[in-house]
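Participant: Okay, here's the structure, questions in a sec.
Just so it is clear, none of the values below were taken in a lab; they were calculated from the coordinates. If you're wondering where the values come from, they're calculated on a predicted model, not measured in any experiment. In this analysis, Cβ positions are derived from the backbone assuming ideal geometry, glycine residues included, and neighbour counts consider all displayed protein chains.
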Amino acid sequence: MKLIFITSCKPLNNEDITIMQKNSIRSWSRLPIDKKILVFNKNQSVIDMCEDLDVEVVSDYDHSSYSDIPTWVSMKNIASEHAENSDVIVWVNSDVMFDETLLNTINTVNKSINDFVLVGQKYDWHNYTLLDTIPNFNLFENLSVHGEWAIDYFIFKKHVFLDVPKFFIARMRFDNFLMNKAIKEHTAIDCTETIFCIHHRHNYGPNTDKKFSDIYETSYWQNEQKINDSLINGNLSNIKNCMYYTKFENNEIKILKK
């Protein structure tokens, strides 16, 4: 089994964005498993960062006519071209870090379920420190649990999530549509208790220095959001709507039905 990570990054407009994205990619790179990391971007600062981190850039993908943000299905389809049937795709935002609890949970689920979709709530980290100075995730402090409607990662195999509309990532509610689809068509599992997912808490906009209400007023954001909204048709779910969840019992990960 190999992990195929797929993500897209913000241009490196300030130090916080740079630290946030380097931390995230480094955390995936350090996982002790065969892996490929694909970063979907056209920005030169991101391309340079990826070269330094020794990860692959995908610059040929379907994207918005208003910006360079990819469609989710384009990312998924390109990842599927790199994946064998036994491999696992991890679509994840570039502000999220994982440790080995990710591997432990995937390995446990993969032994008994083939059409799984793993999701989970994230722990917001209100600080920006290079990962090199933090030897263990257990040393993170001042964490808070993020809400169940914000879904920053989906974990699945290439035969899952077929016939997905051309949603733009980084816009509202496409993740809740995917969550609804996962619950109806596959085995969606809430892994909040067993995947330690740390999210760099941030604001919005190119420099992550704006309130959500400010970035929502920009024309490119609204145009992309309108396209997403036209594809959703009210089919929305959140992480807590999953019928299954994982938890630790006697130092083992168990899959339980709610």
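Participant: Nearest 20 debye, what's the magnitude of the dipole of the chain about its Cα centre given +1 on Lys and Arg Cβ and -1 on Asp and Glu Cβ?
Facilitator: 800
Participant: What is the list of residues in region 166-189 whose amide nitrogen lies under 15 Å from a point 7 angstrom out from the Cα of Met243, following Cα to Cβ?
Facilitator: 180-189, by backbone N distance to the label point.
Participant: Here's a follow-up. Decide, for region 48-90, between rounded, prolate and oblate: order the square roots of the alpha carbon gyration tensor eigenvalues as a ≥ b ≥ c, take rounded if a/c falls under 1.5, and otherwise choose prolate if a/b is larger than b/c, else oblate.
Facilitator: Oblate is the answer for region 48-90, as a/c is 1.5 or above yet b/c matches or exceeds a/b.
Participant: Before rounding to the nearest 500, sum -39500 (n - 2.57) across all DSSP H runs of length at least 4 in the chain and divide by the residue total; then give [θ] at 222 nm in deg cm²/dmol.
Facilitator: -9000 deg cm²/dmol
Participant: Report the FRET efficiency, 1/(1 + (r/R0)^6), for Glu185 and Asn107, where r is their Cβ-Cβ distance and R0 is 35 Å, rounded to 0.05.
Facilitator: Calculated value: 0.90.
Participant: If you add up the charges near Ile239, with Lys and Arg at +1 and Asp and Glu at -1, over every other residue whose beta carbon is less than 13 angstrom from its beta carbon, what do you get?
Facilitator: Its environment carries a net charge of -2.
Participant: If neighbour count is taken as other Cβ atoms inside 10 Å, put Arg173, Arg26 in order from fewest to most.
Facilitator: Listing Arg173, Arg26 from fewest to most nearby Cβ atoms yields Arg26, Arg173.
Participant: Rounded, prolate or oblate: which one fits the chain, using the alpha carbon gyration tensor with axes a ≥ b ≥ c (rounded when a/c is under 1.5, else prolate when a/b beats b/c, else oblate)?
Facilitator: rounded
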